[in-house]
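Notes to accompany the following structure.
The values are calculated or read from the model by the stated rules, or taken from the named source; none is laboratory data. Since we're looking at a predicted model, the values are computed, not measured. Heads up, the Cβs are rebuilt from the backbone with ideal geometry, glycines too, and the neighbour counts pull from every protein chain shown. In case anyone asks, the SASA skips ligands and DNA or RNA and just uses the protein heavy atoms, side chains included. Shrake-Rupley method; radii C 1.70, N 1.55, O 1.52, S 1.80 Å.
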Amino acid sequence: MGRIPEETVTEVLAATDIVDLIGSYFPLKRSGSGFKCNCPFHNEKTPSFNISPVYQNYKCFGCGESGNAIGFLMNHENLPFIDAVKKLAQRANIQIIEDAYDPESDKRRRKISRLKEINNFSARYFHKQLMESPDAQHARDYMRSRGFSKDTATKWLIGWAPKNSREFFHTLKSEGFNGREILNAGLGGLRDKDNPRSGLWSKWYDQLTFPIYNDVGDVVGFSARILREDDKRGKYINTSDTVLFNKSSLLFGLGKARKAMGKKKFALICEGQLDTIVMHEAGFENTVAGLGTAFTEQHARILKRYTDHVTICYDGDSAGRIAAGKAFDHLTANGLTIKLVDMPDGHDPDSYLQEFGTEKLQELIEQARDFFDVKLDQEIAHTNLNSASERAKLLQDLASSVAKMADPLLQDATIQIMATRLRLGADEFRQIVSNAKAVAEKQAFFENRRASAQEPVEAKTESTPIDSTIAYLCHLCLKSKVATESLCEQLESLYEPLQETAGGALLQLILARKPDTDSPAAVQAFLTTLPEADQLALSRTFTDAPTADPIKEVTESVTLLLATHFQKKEATIRAQLADPSLPSDQMFPLVEEIKQLQEFLKNLDSRFIR
Ligand code: ZN
């Protein structure tokens with residue numbers, strides 16, 4: 001495998017229309033002399049991703065990504081240059097003749113293509129088992145009981161994983177795949193994580209398997225449904241994350257639903273793979289599902305590329321209602337409008353279809369109403385509003401969903417309507433929503449931090465290490481004058497913790513310089529004066545979310561900082577005391593210090609003591 005000559009690249013680009021290419025992934029809107037869509041590379045609500053037919057390039061005014069057709073494919077499908085060119089060449093029917101050899105990109109390319117091969121092969125293997133194996137009779141019976149025809153099984157490449165995984169591994173190996181490839185593809189795991197010679201085990205046994213495809217139709221992993229009700233592993237099992245497979249960013253059925261979503265101008269989401277297939281077969285081809293049952297933030301973002309409207313069609317039971325609420329939270333935060341199908345108690349899309357037929361389901365979907373409208377009906381039916389605790393819980397629950405709505409006008413209208421229905425003052429409910437928002441913001445802040453700490457760091461500069469509480473305090477002080485002042489007043493008691501906690505110096509610098517928090521430009525300008533490593537530490541923690549109660553946030557964070565610092569100190573002293581070689585004259589001051597520390601910690605809010 002080698003290098004593609006420049007003339008060929010030019011030829012491929014000349015034969016490719018970038019509008020056509022990007023338009024095959026996302027619906028485009030005309031805009032002046034070009035086209036627009038929501039940027040696939042960052043999260044946005046109004047399209048700033050521009051495609052120029054004249055210059056044959058794209059540019060996002062939000063995140064700055066830009067490039068030509070090759071760059072788009074490399075970015076969007078995570079392909080190496082050579083594969084992106086080949087793919088375009090294939091579209092344009094151009095033969096590629098490669099020269100010279102590049103071992104590094106070749107190795108990476110080969111690894112990825114082997115992973116796709118092994119997944120594609122396994123999908124066909126499982127499918128053959130389902131169709132032919134004498135041991136799969138119960139699986140075929142189950143399929144039939146759910147109304148699946150052979151054609152459906154073939155169209156979706158549904159399969160059955162044999163009870164004996166050794167057979168599966170044996171077949172893979174006889175096809176030339178090795179143990180490492182089986183591991184990398186998430187098809188097997190080591191019996192003993194630390195011992196590469198311990199042999200492989202498989203989580204795929206005696207389940208129905210559903211291949212999961214990426215955007216371009218390669219099998220990248222599996223979702224499997226257990227067949228025995230006594231199986232304790234959860235209804236659905238997914239491939240663990242691999243280079244190709246990330247369950248929170250793949251939607252089941254998307255490849256088949258994409259066109260219909262564009263045509264019908266909305267997406268239907270249901271809970272599981274089986275429901276999705278049943279829906280497609282009944283003609284609801286705009287249906288997708290999250291993998292497993294969880295619908296994530298990333299799923300919502302992906303959907304937003306294709307449509308602005310979603311109708312949730314989940315099971316009519318309490319688990320379905322809870323799951324719908326979670327899906328709503330992610331969808332509304334991404335600016336989608338959401339309707340909810342009022343599925344009768346005890347039904348799911350599949351059972352409803354079986355009992356009432358396609359037309360009735362069509363009606364039910366057409367009658368889908370605004371999410372909160374239906375949710376209120378459902379919740380009120382399942383809540384005893386005379387019980388103060390049940391009522392409070394319901395209010396909390398509703399408020400936390402309303403708090404996530406991205407559109408402020410819609411949010412306020414919803415607050416008014418719900419307050420009326422709940423026989424509450426609008427201001428009272430608005431306050432509950434605002435409290436829920438503060439709690440969610442804090443959670444999101446720490447989740448972001450955790451996620452970014454796990455992200456592979458590609459930047460050349462290492463970020464300044466920063467403790468999460470300090471990071472949160474920095475964030476507060478760059479947001480709110482009140483927070484800065486309140487923290488400055490307590491600075492004396494924080495001298496030692498700030499000296500000894502990661503990022504403390506950075507926080508002190510912010511407090512010394514006090515950038516004008518009323519002016520975002522001033523804050524940005526202050527940030528640019530910092531060394532790159534400090535900027536990096538802050539950029540990961542900085543969000544635009546306002547803070548509901550800065551003083552309370554500062555007080556709690558300071559308490560947590562003090563508690564953590566002095567508990568760590570206590571632990572260090574205890575470790576010194578445990579050293580048998582410690583001379584006794586040094587022991588007594590240490591014991592005395594521990595006593596003082598304990599006295600100090602006793603006075604702190606006990607919620608922050610571990
Ligand atoms: Zn962008």
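Restricting attention to segment 276-297, and to residues there that are at pLDDT below 90 and within 19 Å of ILE237 (Cα to Cα), which single residue is most open to solvent (accessible area, probe 1.4 Å)?
Ranking the candidates gives THR293 first.
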> In segment 2-17, what residues are open to solvent by 50 Å² or more (accessible area, probe 1.4 Å) and among the hydrophobic types (A, V, I, L, M, F, W, C)?
Replying inline: LEU13, ALA14, ALA15
>> So LEU274 ticks every box in (1) under 15 Å from the mean Cα position of the chain (by Cα); (2) over 30 Å from GLN396 (Cβ atoms); (3) touching a residue at least 60 places away in the same chain (Cβ under 8 Å) but one. Which box is left unticked?
In response: (1)
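Residues in segment 56-66: is at least one open to solvent by 20 Å² or more (accessible area, probe 1.4 Å), more than 16 Å from the ligand (Cβ to nearest atom) and under 29 Å from the mean Cα position of the chain (by Cα)? Outline the logic, then answer.
Applying the first criterion (open to solvent by 20 Å² or more (accessible area, probe 1.4 Å)) to segment 56-66 yields 56-57, 59, 61-66.
Now narrow it down to the ones that are more than 16 Å from the ligand (Cβ to nearest atom): 56.
Applying the additional criterion that residues be under 29 Å from the mean Cα position of the chain (by Cα) yields none.
No - not one qualifying residue is present in segment 56-66.
Is there a residue in segment 468-475 that is closer than 25 Å to LEU562 by Cα and surrounded by fewer than 20 Cβ atoms within 10 Å (Cβ to Cβ)? Walk me through it before giving the result.
Narrowing segment 468-475 to residues closer than 25 Å to LEU562 by Cα: 468-475.
Retained after the next criterion (residues that are surrounded by fewer than 20 Cβ atoms within 10 Å (Cβ to Cβ)): 468.
Taking every residue of segment 468-475 in turn, at least one turns out to be closer than 25 Å to LEU562 by Cα and surrounded by fewer than 20 Cβ atoms within 10 Å (Cβ to Cβ).
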> Applying the selection to segment 143-153, what residues are buried (at least 16 other Cβ atoms within 10 Å of the Cβ) and assigned to a helix (DSSP H, G or I)?
Replying inline: MET143, THR152, ALA153
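Can you name every one of the strands (runs of 3 or more DSSP E) wholly within segment 1-115 that holds 1 or more residues which are acidic (Asp, Glu)? Break it down into steps so the answer makes sense when it comes.
Numbers: elements: 29-31, 34-37, 49-52, 57-60, 99-101.
Filter on segment 1-115 gives 99-101.
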> Within segment 21-37, can you find the residues that are of a type outside the set (Phe, Trp, Tyr), open to solvent by 20 Å² or more (accessible area, probe 1.4 Å) and more than 14 Å from the ligand (Cβ to nearest atom)?
Replying inline: GLY23, SER24, PRO27, LEU28, LYS29, ARG30, SER31, GLY32, SER33
>> Checking the conditions here, which among PRO80, PRO53, PRO47, PRO40 is away from the ligand (no atom under 16 Å from the Cβ) and surrounded by 16 or more Cβ atoms within 10 Å (Cβ to Cβ)?
In response: PRO80
> What number of residues in segment 364-392 are open to solvent by 80 Å² or more (accessible area, probe 1.4 Å) and modelled with pLDDT of 90 or more?
Replying inline: 4
>> Given the criterion open to solvent by 50 Å² or more (accessible area, probe 1.4 Å), touching a Lys or Arg at 6+ places or on another chain (Cβ under 9 Å) and hydroxyl-bearing (Ser, Thr, Tyr), identify the matching residue among TYR306, TYR205.
In response: TYR205
> Looking at HIS330, is it outside any strand (DSSP E or B), of a type outside the set (Val, Ile, Thr), open to solvent by 30 Å² or more (accessible area, probe 1.4 Å) and in contact (Cβ under 8 Å) with a residue 24 or more places away in the chain?
Replying inline: yes
>> Criterion first (in contact with an Asp or Glu (Cβ under 8 Å, 6 or more places away or on another chain) and within 30 Å of SER249 (Cβ to Cβ)) does THR171 satisfy it?
In response: no
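With LEU507, LEU498, LEU476 as the choices, which residue is part of a helix (DSSP H, G or I) and touching an Asp or Glu at 6+ places or on another chain (Cβ under 6 Å)?
Working: LEU507 fails: touching an Asp or Glu at 6+ places or on another chain (Cβ under 6 Å); LEU498 fails: touching an Asp or Glu at 6+ places or on another chain (Cβ under 6 Å).
After applying the criteria, what remains is LEU476.
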